[in-house]
Every structure is written in structure tokens, then in C-alpha cells.
Amino acid sequence: MRHYEAQLRKTIERPWTNMEPLYIGDVPKGLGTPHYYCTVSCDEKPYRLLNMYGSQSLFADAQVWHEWLVVGFGCFVYFISLDTEHRQVFFDLGYYCSLYPGDKYMLVTSLWEVYSFSQSAHLNWKSEELSADGVSISAIRGDEIIGMAEYPPCYDPLGRGKFKLSLHTGRLISMQWK
């Protein structure tokens, strides 16, 4: 069984500079220097390189999950096959925040919602809008997702809200404001 490892980097050196990269994000015509490089090793040897463009992106992450390299960056989450070259699926989230892998699902947060994806990179569900400034997940308890919704003071003086969602449907179970 192969062992893959993904890393985000600001700079790369040989042997990575000798590889043909996959370009993702807002790729400029003249290319230029990417905002991030994602290196993927297979059994400790260089395997794949991604050049990631998008200066507006505050959050970026890359994780190996089942047969996929999952990259959250900019407005998108990308599922890039580790086994099949040129096989990728991507979803526009509006603005990516974080990845939360599970055995049977990949949870992804944006500024506004939570998304659940299957092992075959299909969207299971998308929650209703929970936040105006970022969603984070703190725990999975049984069939519930527990997390925090952020609201800047200009939108809501309460600031933060604790929520519970159904893990199977994404339906909001409860919301409490602090």
C-alpha cells in the first residue's frame, strides 16, 4: 500500500522545481510565483506538485484523504485523484475556511456554511447559512456536528454562535448566541 504525504510550502527547491506542476486558483497569464506550492510525496519520493495562485486567500490546506489530495484554497475545494492523472473535481464555496476529514466524509467550511463530501468526491449536503465571517467545527458527537459561527460586531453584537448540525443531512439542530 502506498503512503502519500502532502505539504503546503511558500518555497520549493530541487527535485520539486524539475517537476511539471498542476496549476490551480487564479492563474495569471504570465504565471509568476505561486502563493503556495503543494508538494505530494509517495513513499517518501516526489510524486506531484501543485502551484496555487490567489493572493486574496487567507486560508489554505492540503490533506491526503482516501484516494484524493484535497486542497482548500481561495473560493474552492479541490479533489485531485492520487491514482488517476488529470482526474479532479472542484466546488465553489464562495470562500474556503477549513478541512475536517472523517472516515466516511470530508467536512469543509466556508465563511458561511458547512459542506459534506463523500469518498467519491460528491457533495452529500450543504448547510444553511450559519455565519457572516467564518465557520469552524469543534467536534463530532454521534450524529451531530458541533461548531462555531462568527459574526463581526458590525453585523451582530452577539459575535459568536455555537451550532449543532445533523451529520447525515446538514440540517440545523440548534444555534445559541453568546
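Which members of the stretch 30-41 meet the condition of being of a type outside the set (Ser, Thr, Tyr) and open to solvent by less than 20 Å² (accessible area, probe 1.4 Å)?
So in the stretch 30-41, the residues of a type outside the set (Ser, Thr, Tyr) come out as 30-32, 34-35, 38, 40.
Residues satisfying the conditions are Pro34, Cys38, Val40.
Looking at (1) modelled with pLDDT under 90; (2) within 30 Å of Tyr47 (Cβ to Cβ); (3) of a type in the set (Ser, Thr, Tyr), which one does Tyr96 not meet, given that it meets all the others?
It fails just one condition, (1).
Restricting to the stretch 17-46, name every residue that is more than 17 Å from Leu82 (Cα to Cα) and not small (Gly, Ala, Ser). Talk me through it step by step, then tell me what you get.
We begin by selecting, within the stretch 17-46, every residue more than 17 Å from Leu82 (Cα to Cα); these are 17-18, 25-36.
Hits for the stretch 17-46 are Thr17, Asn18, Asp26, Val27, Pro28, Lys29, Leu31, Thr33, Pro34, His35, Tyr36.
What number of residues within the stretch 114-133 are more than 20 Å from Gly54 (Cβ to Cβ), surrounded by 15 or more Cβ atoms within 10 Å (Cβ to Cβ) and charged (D, E, K, R)?
1
Give the residue that is farthest from Gln119 (Cα to Cα), with candidates limited to residues of the stretch 60-84 that are open to solvent by 10 Å² or more (accessible area, probe 1.4 Å) and under 9 Å from the mean Cα position of the chain (by Cα).
To start, the set of residues in the stretch 60-84 that are open to solvent by 10 Å² or more (accessible area, probe 1.4 Å) comprises 60-67, 75-76, 78, 83-84.
Okay, now just the ones that are also under 9 Å from the mean Cα position of the chain (by Cα), so 60-63, 76, 78.
Numbers: Ala60: 21, Asp61: 18, Ala62: 16, Gln63: 13, Phe76: 18, Tyr78: 13 Å.
By that ranking, first place goes to Ala60.
What tally of residues in the stretch 134-150 results from selecting those that are at pLDDT below 90 and open to solvent by 60 Å² or more (accessible area, probe 1.4 Å)?
Residues in the stretch 134-150 being at pLDDT below 90 and open to solvent by 60 Å² or more (accessible area, probe 1.4 Å): 0 in total.
For every residue, the table says whether it meets (1) of a type in the set (Lys, Arg); (2) at pLDDT below 90; (3) in a strand (DSSP E or B).
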| residue | (1), (2), (3) |
| --- | --- |
| Ser116 | no, no, yes |
| Ser120 | no, no, no |
| Trp125 | no, no, yes |
| Ala132 | no, yes, no |
| Pro152 | no, yes, no |
| Asp156 | no, yes, no |
| Gly161 | no, yes, yes |
| Lys164 | yes, no, yes |
| Gln176 | no, yes, yes |
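Which condition number in (1) among the acidic types (Asp, Glu); (2) within 28 Å of Met1 (Cβ to Cβ); (3) exposed (fewer than 15 other Cβ atoms within 10 Å of the Cβ) is the one that Asp92 fails?
Looking at each condition in turn, Asp92 falls short on (2).
Can you name the residue in the stretch 72-89 that is in a strand (DSSP E or B) and over 19 Å from His3 (Cβ atoms) and, of all such residues, is modelled with the lowest pLDDT?
Going through the stretch 72-89, the residues in a strand (DSSP E or B) turn out to be 72-73, 76-81, 88-89.
If we keep only those that are over 19 Å from His3 (Cβ atoms) too, we end up with 72-73, 76-79, 88-89.
On the way: Gly72: 94, Phe73: 92, Phe76: 92, Val77: 95, Tyr78: 95, Phe79: 97, Gln88: 88, Val89: 92.
Here the answer is Gln88.
State yes or no: is Tyr100 touching a Leu at 6+ places or on another chain (Cβ under 8 Å), hydroxyl-bearing (Ser, Thr, Tyr), closer than 25 Å to Lys162 by Cα and touching a residue at least 12 places away in the same chain (Cβ under 8 Å)?
Working: touching a Leu at 6+ places or on another chain (Cβ under 8 Å): yes; hydroxyl-bearing (Ser, Thr, Tyr): yes; closer than 25 Å to Lys162 by Cα: yes; touching a residue at least 12 places away in the same chain (Cβ under 8 Å): yes.
When the stated conditions are applied, Tyr100 passes them.
The values are calculated or read from the model by the stated rules, or taken from the named source; none is laboratory data. These figures come from a predicted structure and were not determined experimentally. Positions of Cβ are backbone-derived with ideal geometry, glycine not excepted, and every protein chain shown enters the neighbour counts. With ligands, DNA and RNA removed, areas are computed over all heavy atoms of the protein, side chains included. Shrake-Rupley method; radii C 1.70, N 1.55, O 1.52, S 1.80 Å.
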